[in-house]
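Just so it is clear, none of the values below were taken in a lab; they were calculated from the coordinates. In this text the structure is predicted, and so the values were computed from the model without any measurement. As a convention, Cβ positions derive from the backbone with ideal geometry for all residues, glycine included, and neighbour counts pool all protein chains shown.
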Amino acid sequence: MDGAVDNETKLKAYTWCQEYLGGVWKQIDLEDFQIKDLSDDRCNNRHYICSLPAHMAPRFGEPQVAVLRIFRRPLLTGQRGTCNGGPQEVLLRVYGEIFFEGETPLLDTVIFSLLSERRQAPKLYGVFREGRLEEYIPSRALRTEELSDPQLSQIIANKLACFHQLQLPLCKVPRWLDQMLDKWFNKAMSVSFEDDARQQLLKEILSHDLEMEKRFVKKLISETKSPVVFSHNDCQEGNILLVNEDNSNKKNLILIDYEYSSYNYREFDIANHFCEWAQNYCKEEPPYFELKSEDFPTRGQQLTFIKAYLAASQKMGMYQPSCHGDTAEEEEAILREVKRFSPVSHFLWVLWSIVQAKISQTTFGYMVS
């Protein structure tokens with residue numbers, strides 16, 4: 001990918017930056033406006049860096065960056081330098097088709113704004129129907145194999161504990177799992193394909209009693225003893241950024257993309273993250289992913305994560321040993337609940353994938369034999 005952008009997209013981005021950033025951004029001509037596509041063809045949302053020309057760079061401090069993201073599917077290190085009170089660069093996020101369903105864009109924007117105010121997300125510069133403008137933080141997404149790195153795994157556990165301690169003015173009843181299971185199940189049951197091969201594959205999938213499977217996972221959910229926390233619900237490597245920090249050996253991670261975030265069962269978030277260890281979405285050839293069940297974390301790896309999570313929770317005053325007794329009992333209780341929620345996670349995203357195979361324009365093997 002060379003980062004080139006078509007004229008229509010450039011004009012839209014230029015207009016959004018002028019309207020929402022103002023200041024020096026209103027003084028530049030379209031010819032001087034800089035934009036680069038950061039998106040992967042398999043991403044649903046589109047992401048661009050929008051920049052002022054070099055001759056308009058700030059005279060003091062680091063260049064500020066803003067990003068425009070186009071939607072599909074970071075604690076921060078401080079305010080970057082500005083140019084005449086505005087960013088030198090921004091991230092533009094443009095929403096993809098997966099994102100546009102129900103109240104998802106509104107809820108995501110509300111959550112992003114709240115997290116930004118708490119410095120748990122990038123600075124928010126502008127919100128519009130098609131996407132938003134954010135602070136640009138030089139970083140890269142983690143790779144699947146990095147999730148099992150002991151140091152990074154403990155940092156992820158710390159970040160997830162920080163996320164879970166957030167108190168947001170949203171519904172505290174953990175309805176999200178039930179609602180998504182029903183929503184995606186009903187949609188999956190109504191899918192059909194004109195292509196004979198895909199229709200036959202769908203027929204094979206539906207030959208399994210998915211109604212019975214749904215009842216089974218809902219029973220698992222109903223019997224959980226997991227506490228309810230504000231959950232990310234999609235803590236996979238693509239949504240975990242490793243921040244580029246010069247002259248520092250310290251690794252700083254940021255959780256991004258909150259379209260599935262809600263109050264939910266704590267162990268679902270942890271189990272869902274563990275499931276992602278075994279799924280590599282960075283393959284260059286179809287179906288563009290690889291499943292390796294042997295990469296699901298071992299008991300020892302799970303305990304390393306859980307111990308780091310509980311230590312971070314205790315540091316923040318969240319740990320309540322009275323829930324399950326001493327620390328060892330708490331660890332075993334979490335392991336049990338993670339085992340409970342792992343099949344729930346698998347079933348949920350199977351339903352989601354059937355729906356995406358029908359509606360998504362993203363180049364990805366949502367349904368393969």
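About its Cα centre, what dipole magnitude does the chain give when the only charges are +1 on Lys and Arg Cβ and -1 on Asp and Glu Cβ, stated in debye to the nearest 20? Spell out each step's value before the answer.
Values: 43 positive and 53 negative charges, 200 e Å.
So the dipole magnitude of the chain works out to roughly 960 debye.
Which entries in Lys214/Lys358; Lys219/Lys283; Lys159/Lys292; Lys172/Lys219; Lys12/Lys187 show an alpha-carbon gap greater than 28 Å? Mind showing how you got there, number by number?
Working: Lys214/Lys358 21 Å; Lys219/Lys283 35 Å; Lys159/Lys292 25 Å; Lys172/Lys219 21 Å; Lys12/Lys187 33 Å.
Among Lys214/Lys358; Lys219/Lys283; Lys159/Lys292; Lys172/Lys219; Lys12/Lys187, the Cα-Cα distance tops 28 Å for Lys219/Lys283; Lys12/Lys187.
Would you mind putting 115-128, 167-180, 274-287 in packing order, based on average other-beta-carbon counts within 10 Å, highest first? Before the final figure, lay out the partial values.
Working: 115-128: 18.5, 167-180: 13.9, 274-287: 16.1.
In descending order of packing, they fall as 115-128, 274-287, 167-180.
Phi angles of the stretch 309-317 translate, via the Karplus equation with coefficients 6.51, -1.76, 1.60 and θ = phi - 60°, into HN-Hα couplings of 4, 5, 5, 5, 5, 5, 4, 8, x Hz per residue; Gly and Pro are given as x. Taking only the C-alpha atoms of the stretch 162-261, the Rg (one decimal) and the largest Cα-Cα distance, Dmax (whole number), read 19.2, 56 Å. Going through the cross-link list Lys250/Lys307; Lys183/Lys307; Lys123/Lys183; Lys10/Lys251, which pairs have a Cα-Cα distance over 27 Å in this structure? In this structure, Lys183/Lys307; Lys123/Lys183; Lys10/Lys251 lie more than 27 Å apart at Cα. Building the convex hull from the alpha-carbon atoms of the stretch 254-369 and averaging its projection over directions returns 8.9 nm². With θ taken as phi - 60° and the Karplus curve 6.51 cos²θ - 1.76 cosθ + 1.60 applied, the whole-hertz 3J(HN,Hα) list for the stretch 270-280 is 5, 4, 4, 4, 4, 4, 5, 4, 9, 10, 9 Hz, x standing for glycine and proline. Peptide packing: for 343-349, 209-215, the average count of neighbouring Cβ atoms within 10 Å per residue gives the ranking 343-349, 209-215, highest mean first.
Here is the size of the stretch 131-206 from its Cα atoms: Rg then Dmax, 19.9, 49 Å. Backbone phi angles across the stretch 285-302, fed through the Karplus curve with coefficients 6.51, -1.76 and 1.60 (θ = phi - 60°), yield HN-Hα couplings of 10, x, x, 6, 7, 9, 9, 10, 4, 5, 8, 4, x, 5, 4, x, 5, 4 Hz in residue order; Gly and Pro are listed as x.
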